[in-house]
Amino acid sequence: MKRDFTKLLDITTEEGQFLLDRAGVLKGKRREGVEYKPLKDKSLAMIFEKASTRTRVSFEVAIRELGGYAINMHSSETQIGRGEPIKDTARVLSRYVDGIMIRTYAQETVEEMAKWATIPVINGLTDLYHPCQVLSDVFTIQEIKGNLKDLKIAYIGDGNNMANSWIEAAILFGLNLSIATPEGYEPERGILKKAEGLKGFSLTHDPYGAAKGADVVNTDVWVSMGQEEERLKREKAFVPFAIDERLLEVAKEDVIVLHCLPAHRNQEISDTVFERHQETIFTQAENRLHVQKAILEWLIKGV
Ligand code: CP
Ligand code: NVA
């Protein structure tokens with residue numbers, strides 16, 4: 001049976017651990033210049049309804065390096081943009097290509113695509129989730145810190161698609177996760193419900209409480225794609241949630257700072273903090289490539 005990756009909780013803990021391990025192996029092969037093409041001549045349709053730099057390029061390079069190729073489709077240039085139903089697009093693409101990656105607004109669109117496609121469907125970001133990014137971020141933390149279990153991971157900022165996926169990652173991998181958001185900007189209610197009673201999980205409106213003793217401090221933009229009209233209101237509400245030197249003083253001395261990018265200097269992260277932690281942040285961006293290779297290999301080749 002074909003599998004999809006529409007959210008982190010589509011996979012089991014064992015599968016998640018397998019993907020992290022596999023990403024490490026694939027990263028090693030690339031470093032050593034070992035050619036590995038398990039997806040020879042396989043194709044991936046990439047549908048974008050929102051902008052992208054990392055997701056677009058890392059998926060395209062990933063499938064090419066595995067021996068396949070990507071077809072990049074901006075929805076406005078396709079019949080989706082003129083109202084062709086997702087269920088028809090899903091069935092047409094299933095006759096042509098071996099996998100679909102889609103970045104869109106509603107999570108339901110990805111789920112509809114997955115329901116009707118007979119090939120794997122990957123969520124490249126929706127308003128609700130960003131599973132490829134967060135799986136990759138978990139990989140980055142494991143790579144740098146050597147483990148996942150004994151860490152305090154803080155997510156400070158908007159209760160958006162990143163925060164929602166972090167909650168699912170905490171459930172999947174048993175992480176200690178503290179989220180701090182302004183009031184009214186909490187993660188999605190249904191996802192919070194899944195985390196009820198989860199050991200090591202907390203939600204607060206106090207950024208210092210979340211950052212205290214943290215091994216990892218993670219943030220994201222205050223205004224996600226599609227929320228541009230709320231910019232002024234959001235930029236005001238989020239000021240106390242900026243990641244700056246003062247906030248990091250309460251974290252562990254060897255704290256690492258993550259940002260999925262793009263970053264807005266001196267908004268969600270100060271320029272000084274960003275530049276001090278740039279090596280980690282750009283390794284985090286690089287790791288999208290390795291983790292997505294693992295996802296593509298698993299879904300399309302079926303290892
Ligand atoms: N982090 C991330 O998904 O970046 P893009 O929007 O550039 O794809
Ligand atoms: N939360 C951000 C993530 C961008 C990669 C957005 O949805 O725009």
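The values are calculated or read from the model by the stated rules, or taken from the named source; none is laboratory data. Keep in mind that what you see is a predicted model, and the values were worked out from it rather than measured. All Cβ positions, even for glycine, are placed from backbone atoms using ideal geometry, and neighbour counts span all protein chains on display. Heavy atoms of the whole protein, side chains included, go into the accessibility calculation; ligands, DNA and RNA do not. Shrake-Rupley method; radii C 1.70, N 1.55, O 1.52, S 1.80 Å.
What the table below lists for this structure:
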| item | result |
| --- | --- |
| Boolean, residue 186 is touching a Gly at 6+ places or on another chain (Cβ under 6 Å) and surrounded by fewer than 19 Cβ atoms within 10 Å (Cβ to Cβ) | yes |
| Region 36-58, residues that are out of contact with any Leu (no Cβ under 9 Å at 6 or more places or on another chain) and not in a helix (DSSP H, G or I) | 41, 43, 46, 48, 49, 51 |
| Whichever residue in region 276-287 is more than 16 Å from ligand 2 (Cβ to nearest atom) and open to solvent by 70 Å² or more (accessible area, probe 1.4 Å) and, among such residues, is nearest to the chain's Cα centre (by Cα) | 279 |
| Residue 73, sole failed condition from (1) over 30 Å from residue 226 (Cα atoms); (2) without any contact (Cβ under 8 Å) to a residue 60 or more places away in the chain; (3) out of contact with any Asp or Glu (no Cβ under 9 Å at 6 or more places or on another chain) | (1) |
| Number of positions in region 38-60 that are farther than 20 Å from residue 112 by Cα and either within 15 Å of ligand 2 (Cβ to nearest atom) or open to solvent by 50 Å² or more (accessible area, probe 1.4 Å) (or both) | 12 |
| Filter pass, residue 20 being modelled with pLDDT of 95 or more, assigned to a helix (DSSP H, G or I), more than 14 Å from ligand 1 (Cβ to nearest atom) and surrounded by 17 or more Cβ atoms within 10 Å (Cβ to Cβ) | yes |
| Subset of region 151-178 [within 19 Å of residue 207 (Cβ to Cβ) and β-branched (Val, Ile, Thr)] | 153, 156, 167 |
| Qualifying residue in region 67-77 (condition: away from ligand 1 (no atom under 16 Å from the Cβ), within 19 Å of the chain's Cα centre (by Cα) and modelled with pLDDT of 95 or more) | no |
| Top-ranked residue in region 253-275 [being within 12 Å of residue 217 (Cβ to Cβ) and touching a Ser or Thr at 6+ places or on another chain (Cβ under 9 Å); ranked as surrounded by the most Cβ atoms within 10 Å (Cβ to Cβ)] | 259 |
| Unique residue being open to solvent by less than 10 Å² (accessible area, probe 1.4 Å), touching a strand residue (DSSP E or B) at 6+ places or on another chain (Cβ under 6 Å) and among the β-branched types (Val, Ile, Thr) when the list is 153, 119 | 153 |
| Meets criteria (among the hydrophobic types (A, V, I, L, M, F, W, C) and either open to solvent by less than 40 Å² (accessible area, probe 1.4 Å) or within 16 Å of ligand 2 (Cβ to nearest atom) (or both)) for residue 239 | no |
| Search result, residues across region 67-84 that are part of a helix (DSSP H, G or I), over 21 Å from residue 132 (Cβ atoms) and either hydrophobic (A, V, I, L, M, F, W, C) or open to solvent by less than 80 Å² (accessible area, probe 1.4 Å) (or both) | 81 |
| Count - residues of region 85-100 that are closer than 20 Å to residue 301 by Cα and surrounded by 22 or more Cβ atoms within 10 Å (Cβ to Cβ) | 3 |
| Residue under evaluation residue 158, criteria (1) of a type in the set (D, E, K, R); (2) in contact with a strand residue (DSSP E or B) (Cβ under 9 Å, 6 or more places away or on another chain); (3) surrounded by fewer than 24 Cβ atoms within 10 Å (Cβ to Cβ), criterion not met | (3) |
| Boolean, residue 281 is part of a helix (DSSP H, G or I) and touching a His at 6+ places or on another chain (Cβ under 9 Å) | yes |
| Any hit, region 80-100, residues being closer than 30 Å to residue 167 by Cα, in contact with a helix residue (DSSP H, G or I) (Cβ under 7 Å, 6 or more places away or on another chain) and polar (S, T, N, Q) | no |
